[in-house]
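The structure under discussion appears below in the form of structure tokens.
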Amino acid sequence: MFQVKVPATSANLGPGFDCMGLAVKLYNYFKAEENDKLEFYLKGTYTANIPTDQNNLLWKTACILWERIGFSPKPLKLTFESHVPPARGLGSSSTAVVAGLMIANAVAGYPLERFDLLKIATEIEGHPDNVTPAIYGGITLTIMNENSLLPRVLTKNPLFKAVVVIPDLLVETEKAREILPSSVSRKDVIFNSSRVGLLVDAFINQEYNLLSIATQDKIHQNQRASLIPGMPEALASAVRSGAYGAALSGSGPTLLAFCSSGSAQPVGENMQKALADNFIESTCLTLDIDSDGAVLTKI
Ligand code: HSE
């Protein structure tokens, strides 16, 4: 009936806490087929602990959309092919939320626009920084404005690679948010807001040399360092090895570095070494930016 391909995403990009993000060419695939009962099939690399009942995130999300539009839930055979590691700061739960909304909308005959899906996805996630790039692709900035959202796609085809170093440890977003202080100083607000401006400038004008300063943050990364041994050293080593800039990916533990094609390998290796020095094993992927966002096809 329908297949949805949803990209992994990296949120924050340093100072853009809860508002900036990008999509990368690493995907989860979801298939929905008509069926007489609700059934789930799991495939791919990361299938452990995914509920195969009414508690499945894709299904729960689909039901939320159907309830909003007054459509009676339809039993489906759902197949999930997972390539995005969960609880690593690469937006794996956003892929399920976005897929659930796109499938539910398609099953109901497409009553909602992409922007409506973004609004519901943001309500479910609590912040738009993963779901906006997951839906629209590219590098995005999303402004939450009273009861609405203003999503902006800054660029779809930047001229750099995203090197992602994925530590072999799990960080639950909820815990990584609880650890943050509830208020920040005016000095740190100025530090971050000036760098978000610079980040937008760097991406739009392709001035990637600005990224070493533009990816700096004062309000969440170091506060989360206790969850990711070796993180500050790995981020510093990325820039020393030739990355344009580097940041914690979402709430971690994955680390993201912006690199030219030539610097991707040494940057990845040195970040991994900095983690290994702290007894953390990791996997490194060099990825291009996804420019399409989630794509639904009729099968
Ligand atoms: N902006 C969120 C955070 C991303 O850093 O907590 C979580 O995926």
Picking from 20, 271, 144, which is most flexible by a Gaussian network model of the chain using Cα springs under 10 Å? 144
0 to 90° range, to nearest 10: angle between helix 231-240 axis and the chain longest Cα axis: 70 degrees
From the Cα centre of segment 222-274 to that of segment 83-134, the distance in Å is 27 Å
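Please compute the length gained on full extension between residue 265 and residue 110, using 0.36 nm multiplied by the number of residues separating them and subtracting their Cα-Cα distance.
Working: separation 155, 0.36 × 155 = 55.80 nm, distance 4.34 nm.
Taking residue 265 through residue 110 to full extension adds about 51.5 nm, to one decimal.
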In sequence order, what are the phi-derived ³J(HN,Hα) couplings for segment 21-35 according to the Karplus relation 6.51 cos²θ - 1.76 cosθ + 1.60 with θ = phi - 60°, rounded to whole Hz, with x for glycine and proline? x, 9, 9, 10, 7, 9, 10, 9, 10, 10, 10, 10, 10, 4, 7
Largest fluctuation, 55, 147, 209 only, Gaussian network model of the chain with Cα springs under 10 angstrom, belongs to 147
Helix axis angle, 92-107 relative to the chain longest principal axis, alpha carbon, degrees: 30 degrees
Set Lys and Arg Cβ to +1 and Asp and Glu Cβ to -1, take the dipole of the chain about its Cα centre, and tell me which of 6, 229, 149 lies farthest positive. 149
Taking every alpha carbon pair in segment 1-112 and sorting the distances into 10 angstrom bins from 0 up to the bin holding the longest one, the percent per bin comes out as 14, 46, 30, 10, 1
So the compactness index of segment 24-89, its C-alpha Rg divided by 2.2 N^0.38 Å, takes the value 1.19
Would you mind ranking 188, 53 so that the residue whose beta carbon has the fewest other beta carbons within 10 Å leads the list? 53, 188
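Explain nothing, just the number: relative contact order of segment 22-150, from Cα pairs under 8 Å at least 6 residues apart, as a whole percent.
Values: 185 pairs, mean separation 38.7, N = 129.
Normalised by residue count, the contact order of segment 22-150 is 30 percent.
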Using a simple spin-label model with points 7 Å from Cα along the Cα→Cβ vector, what separation in nm is obtained for residue 179 and residue 205? 3.5 nm
Please give me the summed charge of the neighbours of residue 229: other residues whose Cβ is under 12 Å from its Cβ, Lys and Arg +1, Asp and Glu -1. -3
Quick one: compute the contact order of segment 158-299, relative version, from alpha carbon pairs under 8 angstrom and 6+ residues apart, as a percent. 37 percent
Kirkwood Rh, segment 161-287, all Cα pairs: how many Å? 14.8 Å
For residue 126, net neighbour charge (Lys/Arg +1, Asp/Glu -1) across residues whose Cβ lies under 11 Å away: -4
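Run the numbers for residue 150 and residue 40: contour at 0.36 nm per residue of separation, minus the present Cα-Cα distance, in nm.
36.1 nm
Report, please, the projected area of the chain averaged over directions, based on the convex hull of its C-alpha atoms, in nm².
Numbers: hull surface 59.4 nm².
In nm², the orientation-averaged hull projection of the chain is 14.9.
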Counting only DSSP loop positions in segment 229-299, the chymotrypsin sites (Phe, Trp or Tyr not before Pro) whose Cβ has at most 11 other Cβ atoms within 10 Å are 279
Could you give the dipole magnitude of the chain about its Cα centre, charging the beta-carbon of Lys and Arg +1 and that of Asp and Glu -1, in debye to the nearest 20? 240 debye
What would the Debye formula give as log10 I(q)/I(0) at q = 0.09, 0.18 Å⁻¹ for the alpha-carbon point model of segment 70-202, no solvent? -0.35, -1.32
What are the ³J(HN,Hα) couplings of segment 150-167, residue after residue, when phi is run through the Karplus curve with 6.51, -1.76, 1.60 and θ = phi - 60°? Round to Hz, x for glycine and proline. 10, x, 10, 9, 6, 7, 10, 10, x, 9, 9, 9, 9, 8, 10, 10, 9, x
Considering only 282, 250, 189, whose Cα is most displaced toward the positive end of the charge dipole of segment 161-287, charges sitting on Cβ of Lys, Arg (+1) and Asp, Glu (-1)? 189
Using amide H atoms built 1.01 Å from N in the peptide plane, name the residues 5+ places from residue 290, or on other chains, whose amide H lies under 5 Å from its own. 23, 24, 25, 138
If one takes the longest principal axis of the Cα atoms in the chain, at what angle in degrees, from 0 to 90 and to the nearest 10, does the Cα axis of helix 186-204 lie? 70 degrees
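No lab work stands behind these numbers, since they all come straight from the coordinates. Everything numeric in this text was worked out from a predicted model, so none of it was measured. All Cβ positions, even for glycine, are placed from backbone atoms using ideal geometry, and neighbour counts span all protein chains on display.
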